[in-house]
Amino acid sequence: TEAGIYGLPLGVSAKYIIYFTILGGVLEAVGITKLISNIARSLVGKKPQGIGRATTIFSALMGMVSGSGVAVTTTVGTTMLPAFKKAGYDDVFSAAFTAGTGTAALITPPVLGAAAFIMMEVIGIDYKTLIIMTIFPAIIYYISLQIYLELYTQKIKIIKELDIESPKVQVKLLYLLIPIALLIIMVAYGYTIATSVISATFLSVALGIISKETRPTLVNLLKGFAKGAIDIIPVALATGSAGIVLHALLVTGLGLKMEEVIRFLSGGNFYITLVLLAGFTLLLGMGVPPTASYVIASALVAPSAISLAVKSGFPMEIAKYSIHMFTFYYAVLADVTPPVALAAYAAAALIRRNPIEVGITAAKIALPKYLLGFSFAAAPLGAAILIIPFLNDPLDIILRIIFVVFSIISMNIATVGYLNKNIILWKRILYLILGFMLILPFITLNTIGIIALTVLLFIDIFYKG
């Protein structure tokens, strides 16, 4: 069958992920990790928010070459957490913010995490389509984190200026990023994942060898290949375990039973089913990593949600894309959802603080992102943010992105409670409601929400009373 230890999930790690982990090991050996860190720190200015901006840029660039939220959190945290402390930020907040940015590696194309490739196989799309579908969810995720940081920094009134390097020092090393560009171009032209990633890997080796500034020794280069191969082990363990779970569902018939339970609990209502799917996936995420969480939720609850979506007027293709991306997105949030928030644990270990405390703060920072999934699943129009289902309707894509960006601005203002001044409770609730109105893909709600939010922002920005 397609289940069991040697089923679809483990097959994904053997067919796709192993190439990316080896590429990541080689890129680290040729000095790209250090280059990305230096580029991030030299582009953000002298304001204290610069540390957070550098962390976001660093995590995004690292996320492009690593599909592991824990690995990116550890790499970025090792470099950036001391800088956060020096700038005057609280240790717990710094670790939580770093965990949040690191987690985004799982949804940052082109590499992505194992769960994304399992989704690709389950819904039958190619790699190029997968990359395009994840672009804007990832960008919006990073924007939300950055908005929170900007508002939080203003609220706690950190004003210390930072010392930064000139970006000119790093510009001459930008050619080391060419392998990532080659990977994306080859995928766009239809080459297989294996061919594209292997080509990028050996181009990285060649560039490393000819580079005077970052030339690795032969031993370090071989260690890079070895590290990449070893890094597949935890992924293989997770995907193999997920295969066992899938096989158990198949043999016992529990999957069909669970679908009946969901239909009973929701009363056949699509929106209640969505809430149950989100809650179920997050609950799973408190105990298992994102890959297993996605596999279980997509097998147990997603089929029922897709069926109800079609009955609610979704075209079958849009229903499939939206529901699986919705499930995948909430599985990713497992890395910052206590009590087993793996990225938060990794960040907490770096500062030697209570991981539950860091996880709770990370979840608070992630609050708008806990609602973001509903943006592309609550109605067919929401799938515009995934681009592919709406290639013939670019205006819908643009409007959806605008509404969602304003939504996360509104919800972050509500969460932080600050915009030029402290926001009183009733107004924070209003910002939260307006944010929710904008995130749902219903044009009437969106129109009312954007008008009301514009008025509210104008008052809070320009009225000092």
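Things worth noting here:
- Region 380-419, residues that are open to solvent by less than 10 Å² (accessible area, probe 1.4 Å) and under 25 Å from PHE270 (Cβ atoms): GLY382, ALA383, ALA384, ILE385, LEU386, ARG400, VAL404, SER407, ILE408, MET411
- Subset of region 80-107 (residues that are open to solvent by less than 10 Å² (accessible area, probe 1.4 Å) and within 12 Å of ALA60 (Cα to Cα)): THR98, GLY100, THR101, GLY102, THR103, ALA104, ALA105, ILE107
- Qualifying residue in region 255-263 (condition: small (Gly, Ala, Ser) and either within 12 Å of ALA331 (Cβ to Cβ) or open to solvent by 70 Å² or more (accessible area, probe 1.4 Å) (or both)): no
- Residues (closer than 19 Å to LEU282 by Cβ and open to solvent by less than 20 Å² (accessible area, probe 1.4 Å)) located in region 348-361: VAL358, GLY359
- Sole exception among (1) part of a loop (DSSP other than H, G, I, E, B); (2) touching a His at 6+ places or on another chain (Cβ under 7 Å) for PRO109, by number: (2)
- Qualifying positions in region 27-50 - open to solvent by less than 10 Å² (accessible area, probe 1.4 Å) and modelled with pLDDT of 70 or more: LEU27, VAL30, ILE32, LEU35, ILE36, GLY50
- Members of region 390-419 found to be closer than 16 Å to TYR148 by Cβ and more than 24 Å from the chain's Cα centre (by Cα), listed by number: GLY417, TYR418, LEU419
- Residue in region 305-326 that is at positive phi, surrounded by fewer than 24 Cβ atoms within 10 Å (Cβ to Cβ) and out of contact with any Phe, Trp or Tyr (no Cβ under 9 Å at 6 or more places or on another chain) present: yes
- Members of region 55-97 found to be over 16 Å from the mean Cα position of the chain (by Cα) and within 21 Å of ALA200 (Cβ to Cβ), listed by number: THR75
- Among the conditions (1) open to solvent by 60 Å² or more (accessible area, probe 1.4 Å); (2) without any contact (Cβ under 8 Å) to a residue 60 or more places away in the chain; (3) within 26 Å of the chain's Cα centre (by Cα), the only one that THR454 does not satisfy is (3).
- Test: GLY435 is without any contact (Cβ under 8 Å) to a residue 60 or more places away in the chain and either open to solvent by less than 70 Å² (accessible area, probe 1.4 Å) or out of contact with any strand residue (DSSP E or B) (no Cβ under 9 Å at 6 or more places or on another chain) (or both): no
- Test: residue in region 349-361 that is basic (Lys, Arg), at pLDDT 85 or above and farther than 22 Å from ILE17 by Cβ: no
- Region 51-66 - residue that is open to solvent by 20 Å² or more (accessible area, probe 1.4 Å) and small (Gly, Ala, Ser) and, of those, modelled with the highest pLDDT: ALA60
- Some residue of region 127-139 being among the charged types (D, E, K, R) and more than 19 Å from the chain's Cα centre (by Cα): no
- Considering only residues in region 267-287 that are crowded, with 20+ Cβ neighbours inside 10 Å and touching a residue at least 40 places away in the same chain (Cβ under 8 Å), the one that is farthest from ALA114 (Cα to Cα) turns out to be PHE270.
- Filter result for the condition that a residue is over 15 Å from ALA378 (Cα atoms) and part of a helix (DSSP H, G or I), over VAL295, VAL275: VAL295
- Residues located in region 299-326, provided they are under 25 Å from the mean Cα position of the chain (by Cα) and of a type in the set (Val, Ile, Thr): VAL301, ILE306, ILE318, ILE323
- Leading residue by the ranking (nearest to TYR127 (Cα to Cα)) among those in region 192-202 that are crowded, with 18+ Cβ neighbours inside 10 Å and of a type outside the set (Gly, Ala, Ser): ILE193
- Leading residue by the ranking (surrounded by the fewest Cβ atoms within 10 Å (Cβ to Cβ)) among those in region 327-347 that are in a loop (DSSP other than H, G, I, E, B) and among the β-branched types (Val, Ile, Thr): VAL340
The values are calculated or read from the model by the stated rules, or taken from the named source; none is laboratory data. Computed from a predicted structure; not experimentally measured. Neighbour counts run over all protein chains shown; Cβ positions are idealised from the backbone, glycine included. These accessible areas exclude ligands, DNA and RNA; they are computed on the full protein's heavy atoms, side chains included. Shrake-Rupley method; radii C 1.70, N 1.55, O 1.52, S 1.80 Å.
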